[in-house]
Amino acid sequence: MDQLDALKSKYLSAVSDAADEATLEELRVTAVGKKGEISLKMRELGKMTPEERQVAGPALNALKEEINSALSAKKSALADAALDERLKTEWLDVSMAGRPRRQGTIHPISQVTEEIVAIFASLGFAVAEGPQIENDYYNFDALNIAPEHPARQEHDTFYMHRDENDDRAPNVLRTHTSPVQIRHLEKHGAPCRIICPGRVYRADYDQTHTPMFHQYEGMCIDKDISMANLKWTLEEFCRAFFQVDDIELRFRASHFPFTEPSAEVDIRCSWAGGQLKIGEGNDWMEILGSGMVHPKVLAAGGVDTDIYQGFAFGMGIDRLAMLKYGIPDLRAFFDSDLRWLRNYGFASLDAPNLHGGISR
Ligand code: PHE
C-alpha cells in the first residue's frame, strides 16, 4: 500500500509540474500506458492471493483513475493557458484611431458656409435659399434695378437662351443672392431674420474672380431696425468668424439700387510681412456691401413700409475663406485638384459650432 501511495504522489506531482502537452503524454505512457508502471502493477494482481487481490485491485483502479483525471484536468488547464496567451498577443484595440490619411475632405467653401450659418444661427437668423437660375424680375426689377440701370452691365450677367419667338426677358444665372430677399419676403413676410448662402455667377475671371462664386445675403426686417443694428450684427459676426476681439469696421457711403442709405464696409487689418492680420494695423479691406433695405424692395416683397424697415448685406464667402485660411488664388477653389483639396480641405467631423469652436 505504501508503494501505491508513493506512486500516487510521484505521478500527481509530476502531472502538476508538467509544462506542456508533450510532457503530459510522456507521463501518461509511463504511468497508465500499456506498459506503464501502474499497468504492470495490475498484471501482478494475478499472482496474489484472493485476499490480497481484493484490497490491491480496487486500490490500483482508483489510482489509475485518479492519475487519468489529473492528466486530463492538467491538459485542459494547459489549453486554457495557451488560449489566454494567444488572446494576449492577438488582442486588437477596436477603439484605436483609424489611419490618419483622410480619403475625403470638406471643401473650404462648405466649411466656411457652415461657420457662417453657425454664427448667425446663434444670433437668431434662419437659412433661406433661392434658385440659381433666376428671372429678370427677381434678380433686377424687384430689387429696384431698372432695365437701363448700369448695374445690369456691371454685373456681367450670364443670360440664358430663349427661343426666337419667345419675347419674355431671358432668365439669368443670378448675379447675387439679393433675389432671395424678395422671394423670402413674398412667402413669409415681415418680421424676418435670414441669411441666404449660395452660388452666384458673373462673367469674370482672374486671380480673385471666377465666373461662379459664393455669396451670402443677410436680411433683418422688423419694426425698429436701424443701421446701428446692422453695425452691431456685422461686428459680432466678424469677431466670431475671425476670432479676434478687437474688430474695427469702417462704413463707407456707397450706392446700391436696393438699399438706401448704402454702405460698403471695410475691416481694419495689417499686411505686414505679407501676412494678413485682422483687427490691427493701418490697412482697410473691403468685405461687404450693405444698407437699409429700399422701401421699393420691401414693397415688392409685399411688406408694409409704414410698419417695417430693416437692413441687408451681401458678403463673398470665397473671399472670407481666402482671408481666414490664407488661400492665395480663388481659381484653385474650383479646379478639383486632389492635392489642393487634401491640403486645404477639412476633416469631415470638424463641423463648426459655437461650443466646439468655429475654426479648426
Ligand atoms: N448684392 C450686392 C452685391 O452683390 C451686395 C449687397 C447685398 C449690398 C445687400 C447691399 C445689400 O454686390
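The values are calculated or read from the model by the stated rules, or taken from the named source; none is laboratory data. Note that this is a predicted model, so its numbers are computed, not measured. When we count neighbours, we look across all protein chains shown, and the Cβ atoms used for this are built from the backbone with ideal geometry, even at glycine. The protein model used for the area step is the full one, side chains on, heavy atoms only, and it has no ligands, DNA or RNA in it. Shrake-Rupley method; radii C 1.70, N 1.55, O 1.52, S 1.80 Å.
Pairs of Cα atoms under 8 Å, at least six residues apart: use those to get the relative contact order of segment 10-126, whole percent.
23
If each DSSP helix of 4+ residues adds -39,500 (n - 2.57) and the sum is divided by the residues in the chain, what number results at 222 nm, nearest 500 deg cm²/dmol?
Counting only the DSSP helices, I get -12500 deg cm²/dmol.
In whole angstrom, note down how far apart the Cα centers of segment 1-48 and segment 323-345 are.
Centre-to-centre distance over Cα atoms comes out at 80 Å.
Using only the Cα atoms of the chain, what are the Rg and Dmax in Å?
Cα-based Rg and Dmax for the chain come out at 42.1, 135 Å.
About its Cα centre, how strong a charge dipole does segment 163-212 have in debye, to the nearest 20, once Lys and Arg get +1 and Asp and Glu get -1 at the Cβ?
Dipole magnitude for segment 163-212 comes out near 500 debye.
Once you have a ≥ b ≥ c as the square roots of the Cα gyration tensor eigenvalues for segment 2-89, tell me rounded if a/c is under 1.5, and otherwise prolate or oblate according to whether a/b is larger than b/c.
The shape class here is prolate.
Given the options Ala351, Val293, Leu123, identify the residue whose Cα lies farthest towards the positive end of the charge dipole of the chain (+1 on Cβ of Lys, Arg; -1 on Cβ of Asp, Glu).
Ala351
Are there GluC sites (Glu not before Pro) in segment 197-270 that DSSP puts in a loop and that have at most 16 other Cβ atoms within 10 Å, and which ones?
In loop regions of segment 197-270 (DSSP not H, G, I, E or B), the sparsely surrounded GluC sites (Glu not before Pro) are Glu248.
Using the Cα gyration tensor of segment 202-252, with a ≥ b ≥ c the square roots of its eigenvalues, what is the shape: rounded (a/c below 1.5), prolate (a/b larger than b/c) or oblate (neither)?
Cα axes put segment 202-252 in the oblate bin.
Can you list which of the trypsin sites (Lys or Arg not before Pro) found in segment 157-207 are DSSP loop residues with at most 12 other C-beta atoms within 10 Å?
In loop regions of segment 157-207 (DSSP not H, G, I, E or B), the sparsely surrounded trypsin sites (Lys or Arg not before Pro) are Arg162, Arg168.
Could you tell me which GluC sites (Glu not before Pro) in segment 106-150 are loop residues by DSSP with no more than 12 other beta carbons within 10 angstrom of their beta carbon?
In loop regions of segment 106-150 (DSSP not H, G, I, E or B), the sparsely surrounded GluC sites (Glu not before Pro) are Glu148.
Quick check: residue separation of Lys277 and Glu25 times 0.36 nm, minus the Cα distance between them. What number comes out in nm?
82.8 nm
Lysines near Lys10 by alpha-carbon distance under 16 Å, same-chain residues fewer than 8 away left out - which ones?
Partners found: Lys41, Lys64, Lys74.
Rounded to the nearest 20 Debye, what is the dipole magnitude of the chain about its Cα centre when Lys and Arg each give +1 and Asp and Glu each give -1 at the C-beta?
1480
When we measure straight from the Cα of Lys88, which aspartates and glutamates land under 14 angstrom away, once same-chain ones fewer than 8 places off are left out?
Once the sequence-local aspartates and glutamates are set aside, what remains near Lys88 is Asp80.
Once you have a ≥ b ≥ c as the square roots of the Cα gyration tensor eigenvalues for segment 115-211, tell me rounded if a/c is under 1.5, and otherwise prolate or oblate according to whether a/b is larger than b/c.
oblate
In debye to the nearest 20, how big a dipole does segment 198-254 give about its Cα centre with +1 on each Lys and Arg Cβ and -1 on each Asp and Glu Cβ?
The dipole magnitude comes to about 200 debye.
With an 8 Å Cα cut-off and a minimum separation of 6 or more residues, compute the relative contact order for segment 108-344 in percent.
21
Quick one: how many Å² of Asp136 are accessible to a 1.4 Å probe, rounded to 10?
30
When the Karplus curve 6.51 cos²θ - 1.76 cosθ + 1.60 is applied with θ = phi - 60°, which whole-Hz ³J(HN,Hα) does each residue of segment 185-192 get, with x for Gly and Pro?
5, 3, 8, 10, x, 9, x, 7
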